[in-house]
Amino acid sequence: MSTVGERTSPWGRFLLYLLLLSVASGMLFPFAWLLRSSLCDERSVIQPMQSVADLIPPTMHPENYIEVFQAIPFFRYLLNTVIITGCVVAGTIISSSLCAHAFSFFRVSHGQLLFYGVLATMMLPAVVTLIPVFILFRELGWIDTLKPLTIPAFFGNAFAIFLFRQFFRGLPRDLIEASRIDGATSMDIHWRVVMPLSRPVIVTVAIFSFMNSWNDFMGPLIFLNSQENWTLQVGLQSFQGQVVNQWNLLMAATVLVLAPVLAVFFSLQRYFIRGIALTGIKG
């Protein structure tokens, strides 16, 4: 059976690749401009670009990155963000996979209805529950601590539960039944059989959780008051107020915040795409 690529003429493939390259270039241009601006001096950032060659700064200023570390407690913000993101990723994987295991392999009364109820929570905007959640955390004494940004992750995430459930339903049922016959408990089956086979969806959930937590601005802004507890996103916002006209320093700080996200995504891209593809095998 011939593929689409084999049925397409060389000129057709050329035009297709040209179109894809044009779209990719348009999407990558803001990142190229961001990197270029982070290495410029203060005056060169605001100068209009005349050609693509202007993406290369007239003079390189790598010291911009050093000035960022001197202007704000970047490492403190980074530590807070890493702690929050690590807890969110771990909590989401552990709690959501356990919930999905129950929905996939247990026969629960009205289990399908419960699963639809979990999915329905994704349709509720976070802004709607923001005030009740803030009041709850205030009564618990969690305001200005990292608890509101970490502990809720250990109670499941609707989208992650959906991804895990869809993937688990594609696993061989005979393998699960054989483990039960051998005397394995449900927890043994989950951690020793199901999870080792679920690396693609684990990586997919980890990437989504990482990106959402790392880029979260509203949560830290509302729940964190002390500067020592700020995350990178809140620190970047405050840094913008400090360097009103020094756009080169602001761009350098943005590159530093963005770099871990790009590194994680591209290093795990293969598993991410596979995980997304396999979650739709069975409904």
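What follows draws every value from the coordinates through simple rules; no lab data is involved. Since the structure is predicted, the reported quantities are computational estimates derived from the model, not experimental observations. Neighbour counts are summed over all protein chains in view; Cβ atoms, including those assigned to glycine, are modelled from backbone coordinates with ideal geometry.
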**Request:** For the range 135-157 and the range 172-228, compute the distance between their C-alpha centroids and round to whole Å.
**Result:** 20 Å
**Request:** Only residues of the range 155-171 count here: report those whose backbone N is under 13 Å from the spot 7 Å along Cα→Cβ of L197, or say none.
**Result:** 167-171
**Request:** Quote to one decimal, in nm, the extra length available between I56 and F154 on full extension: 0.36 nm per residue of separation minus the C-alpha distance between them.
**Result:** 30.7 nm
**Request:** Quick one: dipole size for the chain, taken about the Cα centre, charges +1 on Lys/Arg Cβ and -1 on Asp/Glu Cβ, in debye to the nearest 20.
**Result:** 1000 debye
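Quick one: if the Förster radius is 22 Å, what FRET efficiency do Y116 and R169 give, using the C-beta to C-beta distance and rounding to 0.05?
Calculated value: 0.90.
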**Request:** Provide the per-residue ³J(HN,Hα) series for the range 35-43, in order, calculated from phi with Karplus coefficients 6.51, -1.76, 1.60 and θ = phi - 60°, each as a whole number of Hz, with x at glycine and proline positions.
**Result:** 5, 5, 5, 5, 10, 8, 7, 4, 6
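What is the calculated FRET efficiency for S267 to D182, with r their C-beta to C-beta distance and R₀ = 41 Å, to the nearest 0.05? Don't skip to the end; give the middle numbers.
Numbers: r = 36 Å, r/R0 = 0.89.
With R0 = 41 Å, the Cβ-Cβ based efficiency is 0.65.
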**Item:** Entry for percent of Cα pairs over 33 Å apart (calculated from the structure that is shown) out of [x] 17; [y] 42; [z] 25
**Value:** [y]
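Which ordering of V88, V261 is given by a fewest-first count of other beta-carbon atoms within 10 Å?
Final ranking by Cβ density, sparse to dense: V261, V88.
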